[in-house]
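The values are calculated or read from the model by the stated rules, or taken from the named source; none is laboratory data. Only a predicted model underlies this, so the values are computations on that prediction, with no experimental measurement involved. Here the Cβ positions follow ideal geometry from the backbone for every residue, glycine too, while neighbour counts run over all protein chains shown.
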Amino acid sequence: MPLLEVTDLRTWFHTRNGVYRAVDGVSFSVEKGETLGIVGESGSGKSVTCYSLLGLVPQPPGRIESGTAMFDGVDLLHCTPAQARGIRGKRIAMIFQDPMTSLNPYLRISEQLIEPLIIHEKISKKDALAKGLAMLEAVGINDAPKRLHQYPHESSGGMRQRVMIAMALITRPELLIADEPTTALDVTVQAQILELIKKLQQQFGMAVIFITHDLGVVSGLCDRVQVMYAGRIVETGDTRTLFAAPRHPYTRALQRSIPSMQPKGVELYTIPGMPPDLSKPTGGCAFVARCEAATDVCRATDPRLASLTPTHATACLRVQNNEL
Amino acid sequence: MPSPILQLQDVKTHFPVESGFLFKKHAGTVKAVDGVTLDVMPGEVLGLVGESGCGKSTLARTIMQLLPATSGTVVLEGKNLTSGSAAEILAVRRDLQMVFQDPFASLNPRMTVYATLAEPLLVHGVCQPSEAKERVAKLLETVGLAPRYMQKYPHEFSGGQRQRIAIARALALSPKIIVADEPVSALDVSIQAQILNLLSQLCRKMNLTLIFIAHDLSVVKHISDRIAVMYLGKIVELGPAADVIERPRHPYTRALVSAIPSPNPEIERQRQRIMLPGDPPSPLNPPAGCAFHPRCPYAKEICSASVPPLVAAGPNREAACVRLGEI
């Protein structure tokens, strides 16, 4: 049984300008201890998917229209607030993109770090601080005893992201959701943080959902990848297969537009046009206007994710019909 | 051998840091750019890479004369910009244009595209107000936008389109050099590819010299002819783009190259990463000698003794490391 099983999740935003279908029928599962990468460009719904699971979508304007997310027998989308509080921050933890703004500048690191322990584990402040100190050391912070009592502004970006990771992992969660945790960091610091997440994952045996727009980050870290476009999963597979032989035209186009995958000086492939307006569903495939291989069938039929092999699935009608 | 279009000679840009409220005390100096000597050839694309805080943006702004250099000279086609009068600088401004990182912040939200693009033309008297419309239409076409967008405001465009408008603004005065400071960092990969293609086409077509600043090495390698790697205000390695990335000489460049995640899982799983400990040091209080030595895996005592100069390291290559021969 998978650790987390999401079925047909739809999160729509009801605004004055229309209904934006940010997440529109997403189903996936995460096994114990595995790393799942969610890749997509801005606006593809990768963050909203994870925010929905943790009840972090502002409602209104957001509304979860349908779907279930079973985590160890509890439906995260329909459980009571008390049940959600027992899971969120304890068994499922999250780290955010920007370490500069996601720590509270008014509180010492110690207070923020041990807050989840005090809330979820009913231990004394002294024991919590001892655990906090051990955790800071585990994420590789030098002179942790001093850092513990400092304020966030006294640390650099990489250090703050380490504090965020320590905070998320202090309750030993079974699932960690990382939303672009290295996007705001320099490459050498990014390499440190990725290595750290890998190490801690093995140590604690937790599952990780890693959201990113960087295909490079995914390739080294994740067991499985799913590619999102316009609120849907368009392709999913184990990392090696998906990178070596992507099938969906969007994944292929994405790969061809990265400079490091192309010989130097060659004109990069560009995807024509722009992502579709999520408030105006077309009835057909969302990628159709930008797809080189689109046919009339693609415009008329809504494609579903279908398996090509047991570990590889795509939502392209032409691939499913063996035409591509 | 053509002569360089832009020459930087020992350029330093320092910022004084003051402490205290009423009685300001001099508390130190941030040496953002600390002795950069560099020749830029006409028509070349020079990539400038480094992590945040290494001084690459400050160097760009110093070249543009948006920041005064503390010492050293910036010479554009024989004209010394650092000692020039305001009028002289205004006259060369049109040869030197800039594209900024964030297209959401670099365009005035209250000006239409037409107003944004016509302003430099009219300020510099390049054309009569009656011809401005035609010129602006042509500029928009050059960057791949339809002239009918002229009366729109920046908020009506996507990030990629805004960056095209910013590029059109830079091209308005037919400059000789464009300095692009992280022009694609704020964009999605598919849009990034469009802007990179546009920039390299424009350079080829108009014989532009481009100084391209980015922290993403694969982007810089793709577009540049030569790459300069900066660390803490100094250039530590310089050479032909592919050469520098594939056979880096300086230990910092090696670490930087090895830190880029590769979008190929086979390569990614096999390779050995050079992990740099810690963060880049504060430019307020840089380490003695080679600024990189506290994080360098090859550092020896000699590295903290003196600042290594850029020396020849192979054909067309330069690197600033005293242990170059041994590592």
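Worth pointing out:
- Being within 13 Å of the chain's Cα centre (by Cα) and over 28 Å from A:K199 (Cβ atoms) is not true of A:V39.
- Test: residue in segment A:149-167 that is away from chain B (no Cβ under 14 Å) and basic (K, R): no
- In a residue-by-residue description of segment B:291-304, the property of being assigned to a helix (DSSP H, G or I) and under 30 Å from A:L242 (Cα atoms) applies to no position.
- Hey, B:E51 free of Cβ contacts under 8 Å to residues at least 12 places away in the same chain, in the same structural domain as B:S200 (by TED's automatic domain parsing), of a type outside the set (V, I, T) and outside any strand (DSSP E or B) or not: no
- Test result for B:A255, more than 24 Å from A:V189 (Cβ to Cβ) and within 13 Å of chain A (Cβ to nearest Cβ): no
- One residue stands out among those in segment B:212-231 that are modelled with pLDDT of 90 or more and closer than 20 Å to B:S282 by Cβ: the one that is nearest to the other protein chains (Cβ to nearest Cβ), which is B:Y231.
- From the options A:T241, A:T282, residue that is in contact with a Ser or Thr (Cβ under 8 Å, 6 or more places away or on another chain) and either in a loop (DSSP other than H, G, I, E, B) or among the polar types (S, T, N, Q) (or both): A:T241
- Residue match in segment A:190-205 (condition: away from chain B (no Cβ under 11 Å), out of contact with any helix residue (DSSP H, G or I) (no Cβ under 9 Å at 6 or more places or on another chain) and assigned to a loop (DSSP other than H, G, I, E, B)): yes
- Where helices (runs of 4 or more DSSP H) fall wholly inside segment B:54-156, the ranges with 1 or more residues that are of a type in the set (A, V, I, L, M, F, W, C) and at pLDDT below 90 are B:86-93, B:113-123.
- Filtered residue count, segment A:304-324, keeping only those that are touching a residue at least 24 places away in the same chain (Cβ under 8 Å) and surrounded by 13 or more Cβ atoms within 10 Å (Cβ to Cβ): 12
- Enumeration of residues in segment A:78-95 that are surrounded by 20 or more Cβ atoms within 10 Å (Cβ to Cβ) and of a type in the set (A, V, I, L, M, F, W, C): A:I87, A:I92, A:A93, A:M94, A:I95
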